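Before any comments, here is the structure.
Taken together, the values in this text are just the output of simple stated rules run on the coordinates, not laboratory data. Note that the structure is a prediction, hence the values are computed from the model and not measured. Glycine also receives a Cβ, built like all others from the backbone with ideal geometry; neighbour counts cover every protein chain displayed.
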Amino acid sequence: MKKIGKKIWEYIHSNPKNFFFRVAFALFVFSMLFDDYGIVKRIRMEAEHDMLLERQKIEQKRIIDNEQRIRYALMPDSLEKAARERYNFRKPGETLFIIREK
């Protein structure tokens, strides 16, 4: 182990500029990959962005569907239909037959 450390130390002393540039390059590459603005974070953010865009499309579709339901619910015929089907309402003089499936 001492021999390896000694060889590294000798290399640093014999080529200090080369060693400095290699360490600087390694730090630069490391920061480009794992820093706050690094590639790894960028890939994660792009994936999250795509997921959020898909979710936005789904929610926009739900909003449009709900707006159509509201427009339909405001029509007088739809109110009468809902009252008859859901709440078994009837007009005066009508006979109501309830058929239930088993």
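Here are the numbers for the structure shown:
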item: C-alpha long axis of helix 76-87 to longest principal axis of the chain, angle in °; result: 90 degrees
item: Per-residue ³J(HN,Hα) for the range 88-96, Karplus 6.51 cos²θ - 1.76 cosθ + 1.60, θ = phi - 60°, Hz, x for Gly and Pro; result: 6, 6, 8, 7, x, x, 8, 9, 9
item: Under DSSP loop assignment and at most 15 Cβ neighbours within 10 Å, longest GluC sites (Glu not before Pro)-free interval of the chain; result: 1-93
item: Estimated dipole of the chain in Debye, rounded to 20 [Cβ of Lys and Arg +1, of Asp and Glu -1, Cα centre]; result: 600 debye
item: Cα-based reach from Lys102 at 24 Å (exclusive), listing lysines while leaving out same-chain residues under 8 positions away; result: Lys81
item: In order through the range 15-20: 3J(HN,Hα) via Karplus (6.51 cos²θ - 1.76 cosθ + 1.60), integer Hz, x for Gly, Pro; result: 9, x, 5, 4, 4, 4
item: Tensor-based shape of the chain (alpha-carbon gyration tensor, a/c under 1.5 rounded, otherwise prolate or oblate); result: prolate
item: Karplus 3J(HN,Hα) series, Hz, for the range 44-53 with 6.51 cos²θ - 1.76 cosθ + 1.60 (x for Gly, Pro); result: 4, 5, 5, 5, 5, 4, 4, 4, 5, 5
item: Within the chain, helix-based [θ] at 222 nm, where runs of 4 or more DSSP H residues each add -39,500 (n - 2.57), nearest 500; result: -26500 deg cm²/dmol
item: Exposed chymotrypsin sites (Phe, Trp or Tyr not before Pro) absent - longest run of the chain, DSSP non-H/G/I/E/B, at most 10 other C-beta within 10 Å; result: 38-96
item: Principal-axis tilt of helix 2-14 within the chain, Cα atoms, nearest 10 degrees; result: 80 degrees
